[in-house]
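What follows is a single structure, written as structure tokens, with notes after it.
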Amino acid sequence: MGYALPLFLGFITSSVGIIPPGLINMTAAKVSLNEGRTRALVFAAGATLVILIQTLVAVLFARYIDNNPQIVILLREVGLAIFLILTIYFFWWANRPKPVKEVEKLHSKKSRFFLGMLLSALNFFPIPFYVFVSVTLATYNWFFFDKPFIYTFVMGSGLGAFAAFYCYIAFFKTMENKSKFLLKNMNYIIGTITALVSILSLINILEFYYG
């Protein structure tokens, strides 16, 4: 159980963060369709490596700020504001999502591993995301800033990221005809998730001030 919890938390948070259609996972799907599954998996491995590094940096940073309650509560308040704005956006201003733009055909024959690393490195969202997630989970005693827990969590995040990429690589073609329904309701799905996170964050902030 000692290693199962951080592995599970890392896997879930990472896969949930990557499943919504984005540049990296859609590129992985496109590489699979155009160049075969092997190259797409190499691309996914490169992207996952960078995600592992980003997650480790984020969690180590979160470990330092976790010792300062004022910084922690400030991050929660900022996170609450961000998630409230995202919730409003996804429910009211993004009712009609635009179709996902087709990724440009890749002409380069260079290693897809480095292309995956490059695209993943250009995405800075995982660092603040994992800082917020780890600090929030630590508040509920679901996350502990000791080395075995941190390294297992990071490993779980890598497995979750690669699993999410694999889903796009393996099943995108069969799901392509059904993707319209997914894209049509994706904003509501994400909006619901951000709303739940906002509620949990608000409860936690109120407990800090009035508990």
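The values are calculated or read from the model by the stated rules, or taken from the named source; none is laboratory data. The shown structure was predicted, so the numbers you read here are calculated from the model rather than taken from an experiment. Here the Cβ is made from the backbone with ideal geometry for all residues, glycine too, and neighbour counts use every protein chain on show. Just the protein is used for accessible areas: all its heavy atoms, side chains included, with ligands, DNA and RNA removed. Shrake-Rupley method; radii C 1.70, N 1.55, O 1.52, S 1.80 Å.
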Considering every residue within the stretch 30-41, establish whether at least one is under 23 Å from Thr192 (Cβ atoms), open to solvent by less than 30 Å² (accessible area, probe 1.4 Å) and among the β-branched types (Val, Ile, Thr). no
Item to check | Residue check, Ala138 over 19 Å from Gly46 (Cα atoms) and either assigned to a helix (DSSP H, G or I) or among the hydroxyl-bearing types (Ser, Thr, Tyr) (or both) | outcome: yes
Taking Ala94 as the residue in question, decide whether it is open to solvent by less than 80 Å² (accessible area, probe 1.4 Å), at pLDDT 70 or above and closer than 30 Å to Ile203 by Cβ. no
Assess whether Thr27 counts as being β-branched (Val, Ile, Thr), in a helix (DSSP H, G or I) and crowded, with 21+ Cβ neighbours inside 10 Å.
yes
Restricted to the stretch 97-122 and to residues being at pLDDT below 80 and small (Gly, Ala, Ser), the residue surrounded by the most Cβ atoms within 10 Å (Cβ to Cβ) is Ser111
* Does any residue of the stretch 148-165 turn out to be open to solvent by less than 20 Å² (accessible area, probe 1.4 Å), at pLDDT 75 or above and either in contact with a Cys (Cβ under 8 Å, 6 or more places away or on another chain) or not in a helix (DSSP H, G or I) (or both)? -> no
